[in-house]
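Written out below as structure tokens is the structure these notes cover.
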Amino acid sequence: MGASGSKKKLQSLEKQQEMLMREHAEMAKRLAEEQEQGKKQHEAALEQMAQLMLLLIASQAETQTTKKEEQLLEIEGVTYVITEFVNKGGFGQIYKGVVKGSDRVAAIKIMPNSPLIQKEIENEIRFLRLTKKISLEPHPVIDYYGCKVTSEHIFISMELAHCDVLTFWFQGMADKSPEQQFTFGLVIIMYTLRALAFLERLNIIHGDIKPQNLVIVQQGEGSLCVKLIDFGTVEKMHTLRSLVTVDATKAHTQFFASPEFLRRDSKNLISRRLHKKSDAWAAGVMFYLLFLAKLPWEDEHEYENFVNDPHAEDVVIPGDGGYKLIIELLLKKDPDERASAKETLLQMKAHPVLGKIVEALEEIFSPADDVCHVKIPNSLREEMANFATPQQRARMVTGSTSSTLTTGSTSKTLTTDSFKHPQSRRSCRYGRDCYRKNPEHREEFAHPGDRDHREGGSGKEKCRYGSQCYRKSNAEHMAKYSH
């Protein structure tokens, strides 16, 4: 009876998930058709949804604050009036502070000055200071204001978020219509991917992506932004490697930690190796949790079996359409097969259905793909390299001879092998179906018909989206992948 009951429960759950994904697909199609047929009316409807989303965010901020405080705290010459306890965060507590004599507000993070967490806190402060040097509006990383260190505590003042993504979704979506849930969900996906694509652009791994570490900040009267917080675990990737080993003391959250990080070796020790797409895995788990209201695995034991079973199949979402392909490609167990945040974001924008809705939402809020083209000064890249471990820096020095060539907004690492075949380019994995036509992509990747184009296993990467790729009009993308 027990086994039969469990089977029926599983079948019922799968049917519910399939219906949900079908609803998302139908919703996207209808919204896109409405956008095409009556652009002004549809934009007005999306604008109303955006305003509702902002109201929900504001209400969540109000419900999170609890007890009142009244203390004065000076941080780097600015005096804050500590008014409210907000929440517990990583290593400490978060308070709301108001700059004395003004209406400017800030989040004040208060942590014990303990040797056990000093490295993580130093990492966070250093990273937040560096990201302020990159001009983006809105910025995908929480804004940093200042720091104060005493013998007992460390105080960090930063931008005050209204709520985290997890709180917003599970406390604000229960009574919303399917159309509102779909639209709000799409906003979260768009701007979460934007934040992660920014880290990819910096060649940085956050290492602890989860809904609680992505917060929603209201920008002015009519816009919002999803921003990243908690950078104590951030790692700099060696540009010539896709994997990096982190210290055994590094924090990680089960389920959001990628398979390559948790996989056990022959001595039954956890590998603790992060891949450049480990953050993308965490985003996939987050999206699955938000939109299907459960995790892909029943418990940690089942997830550990999935991680260590070489024959375990990739996560499959029942049904078609909606967010299905986006989530499935972010949850590829093999990180080399996994989609990056940038790839996923650009696929969404090129999608014949989702793309129209994304475009309309970008007009209301802000561009989602601007981070893919932001210029990173060489001086900042050198400072970012300090996030690499001593072992990584040693590999940078003792590895293949290389130099960095910067042209416009792109930076390429050249090795001595780069000059052996000056006409040879990698073949685009999307092949004839590539949507990317920009010269930068065409310069780097060969397409069918190009003299240096190679099919199959001769060097051309296969598009992970296959026949469902929506970027076939993009020349840069088509030059890189075959289908």
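Throughout, read-outs are computed from the coordinates displayed, never taken from laboratory work. Since the model is a prediction, treat every value here as computed from it, not as a measurement. Don't worry about glycine lacking a Cβ; one is built from the backbone with ideal geometry, like all the others, and counts go over all protein chains shown.
Can you give me the Rg/Rh ratio for the stretch 163-376, using Cα atoms for both radii and the Kirkwood formula for Rh?
On the Cα set of the stretch 163-376, Rg over Rh gives 0.95.
Ranked highest first by average number of other Cβ atoms within 10 Å, how do 296-307, 331-342 line up?
331-342, 296-307
Could you put Ser157, Ser271, Ser278, Ser151 in order, starting from the residue whose Cβ has the fewest other Cβ atoms within 10 Å?
Listed from fewest to most nearby Cβ atoms, that is Ser151, Ser271, Ser157, Ser278.
Sketch the reach of a paramagnetic label on Glu302 as a point 7 Å from Cα along Cα-to-Cβ, and name the residues of the stretch 325-341 whose backbone nitrogen lies under 20 Å away.
Within reach of a label on Glu302, which here means backbone N under 20 Å from a point 7 Å along Cα→Cβ, the stretch 325-341 contributes 327-334.
In what order do Arg442, Arg264, Arg126 fall by count of nearby beta-carbon atoms within 10 Å, going from fewest to most?
Taking fewest neighbouring Cβ atoms as first place, the list is Arg264, Arg126, Arg442.
Which of the residue pairs Lys100/Lys132; Lys210/Lys294; Lys119/Lys148 have a Cα-Cα distance greater than 19 Å in the structure shown?
Among Lys100/Lys132; Lys210/Lys294; Lys119/Lys148, the Cα-Cα distance tops 19 Å for Lys100/Lys132.
How big is D for the stretch 270-324, in µm² s⁻¹ as a whole number, if Stokes-Einstein is applied with the Kirkwood radius of its Cα pairs at 20 °C and 1.002 mPa s?
The Stokes-Einstein estimate is 167 µm²/s.
Through the Karplus equation 6.51 cos²θ - 1.76 cosθ + 1.60, θ set to phi - 60°, convert the phi angles of the stretch 341-355 into ³J(HN,Hα) values in whole Hz; use x for Gly and Pro.
Each residue of the stretch 341-355 in turn: 4, 5, 4, 5, 4, 5, 5, 4, 5, 8, 4, x, 9, 4, x Hz.
Which order do the peptides 180-190, 94-104 take when ranked by the mean count of other beta-carbon atoms within 10 Å per residue, highest first?
The packing order, highest mean first, is 180-190, 94-104.
Using the number of other C-beta atoms within 10 angstrom as an exposure proxy, rank Glu159, Glu70 with the fewest first.
Ascending Cβ contact count within 10 Å gives the list Glu70, Glu159.
Compactness ratio of the stretch 290-381: Cα Rg over 2.2 N^0.38 Å, N = residue count?
1.38
How large is the Kirkwood hydrodynamic radius of the stretch 72-159, in angstrom, based on all distinct alpha carbon pairs?
Computed over the stretch 72-159, the radius equals 13.5 Å.
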